[in-house]
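Heads up, the thing below is written out as structure tokens.
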């Protein structure tokens, strides 16, 4: 029974780390890449949709992305969503095509991106700690219902804490690697 709880905790914590690493992939350093903007939410007739579900996204060259909405009426809505995102991009529309030029990364922009990376890392750490809290509560409930002994509960708490520490270290390592990548000229 405790093994199932620990396996579940491990899987959920690994998902938190994987989600964080996926968020880091969306922060591009030098080149334009479609994954940079495809997650941006756009208001599509009253519901929030990802940009890649309402438009075709492509790379024109190494510094330019093009967004071709499937409906002409979506052009200003998509422009507004891109502008409002925390990516610091300025869209330019030419008819039905929106072009996004990737600015050269200045020292200031690199620092801004590291702040975004740190905020994402903190969110991931919080998610891992939330999993820990839920699992600890589950273990306490098992103890209350006399499904496990007190020494088993103590051992399980220690193991869950070790799992949490391991996953937080994984997040910190990924954050440090991305910051190093961002600060390279």
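In this structure, does residue 147 turn out to be over 17 Å from residue 10 (Cα atoms), modelled with pLDDT under 90, in a loop (DSSP other than H, G, I, E, B) and touching a helix residue (DSSP H, G or I) at 6+ places or on another chain (Cβ under 8 Å)? When the stated conditions are applied, residue 147 does not pass them. Against the conditions (1) surrounded by fewer than 16 Cβ atoms within 10 Å (Cβ to Cβ); (2) touching a residue at least 12 places away in the same chain (Cβ under 8 Å); (3) more than 19 Å from residue 171 (Cβ to Cβ), residue 108 satisfies every one except (2). The residue of the stretch 58-82 that is nearest to the chain's Cα centre (by Cα), among those that are loosely packed, with under 14 Cβ neighbours inside 10 Å and not in a strand (DSSP E or B), is 80.
The values are calculated or read from the model by the stated rules, or taken from the named source; none is laboratory data. Owing to the predicted nature of the structure, the values given are computational and were not obtained by experimental measurement. Quick reminder, even Gly has a Cβ in these numbers, built from the backbone with ideal geometry, and neighbours come from all protein chains shown.
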